[in-house]
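Structure record follows, encoded as C-alpha cells.
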Amino acid sequence: MAELKTSIQGGVATVVFSNPPKMNAMTFDMWQAVPKTFAELDANPAVRVIVCKGDGEKAFISGADISQFEKLRGTVEAQFDYNKAVEQAYTAPMRTAKPVLASIRGICIGGGLGFAAACDLRICAEDAIFRMPAARLGLGYSPSGVRRFINVLGAANTMEIFFTAKKFDAREALRMGFVSKVVPVAGLESATAEMCGLIAENAPLTVAAAKFAAQQALKDPEERDLAKAIKMVEACFASEDHKEGRKAFMEKRTPKFVGK
C-alpha cells in the first residue's frame, strides 16, 4: 500500500514515504497526504524536528507515480489539479516552523529531488543517486520550484541539472551544496539521529526564528515579512527558555527547553 508512515520518538518525528514496489514513487493520494501530515506534526509540541526518509534500502522518493499520469495528468485541467497538489506538498516543509531534514538513501529523482530541495537540511548515504528528468518527460517545472533549487544550488548548478537531466551521485550533490553531509550507507541512520538529536535539544523558539529569518532572506524584498521575523526574535528573549538557557550556562549543565 502506498502511504505516508509517521512515528515520534524523543522529540523527533519521522515521516516515511512508503511505496516499495515502485521505489517509493509518489501517488496522488500520497502527495495530498503530505500537507496534513506536516501540519499535524508542526502543531504537536512534542515534536522538535521532522525527518523524511524512504521506505526500504533502495530509494528516498523515485518521483511521481508515472502510471497515474494518463488518468490524472492527461488534460490541461487535470494537470492543473495534480500540479497544485504537488506544489502544496513541496511547500509543506517550508510552512512548518520546525526544522525538516531529508535523510536520503538510494534513488532521489524528479519529485523526490523537488521535495528534498524543499526541506531545510539534507544528508545522504554514499549510494544516493539524484536526477531531475523533467526535460526527458516534456514536463514544465514551475518558477517557484526552479527558485527553490536556485536557493539551494545556485543558478548555474540548477540550470545544469535541468538542462542536461543527468544523473549525479552523492559526491557531486555535496560539491553543489545540495546535501551538507555524505556518510557510508551503514552510517546514515546514526548520522541522521545525531543531527536530529542536536536540533531537538535546542530552544525551539530560537530554531523557529532562525528558520523563518532564513526563509525571508531567500525571498524578494517586497515579499519579506521582517516584522514577523523581528517579533519572533523578541519572543525568544522574552521566553522562559531564554531564562533557562542563561541559568543552565551559569550552572554548567545541559538546559531543558520547553518551547515557551
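Values quoted throughout were computed directly from the atomic coordinates according to the rules given, and no laboratory measurement underlies them. Values in this document were obtained by computation on a predicted structure and should not be read as measured data. Reconstructed Cβ throughout: ideal geometry from the backbone, glycine too, with neighbour counts over all protein chains shown.
What to note about this one:
- Relative contact order (%) - criterion: Cα under 8 Å, at least six apart; region: the chain: 15
- Basic side chains Lys and Arg get +1 at the Cβ, acidic Asp and Glu get -1 at the Cβ, and with that the dipole of the chain about its Cα centre reaches some 420 debye.
- Qualifying lysines (Cα of each under 16 Å from Cα of Lys211; at least 8 residues distant if same chain): Lys98, Lys219, Lys228, Lys231
- The residue list Phe130, Ser239, Pro35 was ranked by how far each Cα lies along the charge dipole of the chain toward its positive end, using unit charges on Cβ atoms, and Ser239 comes out on top.
- Gain on full stretching of the segment that runs from Ser142 to Asp127 - 0.36 nm per residue minus C-alpha separation: 2.5 nm
- Cα Rg, Dmax (largest Cα-Cα span) when computed across the stretch 1-154, Å: 14.7, 46
- Extension reserve of the Ser18-Asn44 stretch, reckoned as 0.36 nm per residue once the Cα distance is removed: 7.1 nm
- Direction-averaged projected area, Cα convex hull, the stretch 141-184: 3.2 nm², rounded to one decimal.
- For the stretch 1-72, pairs of C-alpha atoms spaced more than 18 angstrom apart make up 40 percent of the total.
- Of Ile104, Pro21, Pro204, farthest towards positive along the dipole that unit charges on Lys, Arg, Asp, Glu beta carbons give the chain: Pro204
- Packing-based ranking of 34-41, 53-60 yields 53-60, 34-41, ordered from highest to lowest mean Cβ neighbour count within 10 Å.
- In the chain, the calculated helix contribution to ellipticity at 222 nm averages -15000 deg cm²/dmol per residue, counting -39,500 (n - 2.57) for every DSSP H run with n ≥ 4.
- Applying 1/(1 + (r/R0)^6) with r as the Cβ-Cβ distance of Lys247 and Asp220 and R0 = 35 angstrom yields a FRET efficiency of 0.30.
- Fully extended contour minus Cα-Cα distance, from Ala97 to Ser190, at 0.36 nm per residue: 31.0 nm
- Cα-based equivalent ellipsoid, the chain: semi-axes from gyration tensor eigenvalues, Å: 32, 20, 18
- The aspartates and glutamates whose alpha-carbon is closer than 13 Å to the alpha-carbon of Lys256, local same-chain residues fewer than 8 away aside, are Glu201, Glu240, Asp241, Glu244.
- Value of relative contact order over the stretch 1-144, rounded to a whole percent, pairs C-alpha under 8 Å and six or more apart: 23
- Of all DSSP bridge pairs formed entirely within the chain, close to 30 percent run antiparallel.
- Where labels lie 7 Å past Cα in the beta-carbon direction, separation of Val258 and Phe162 in nm: 4.8
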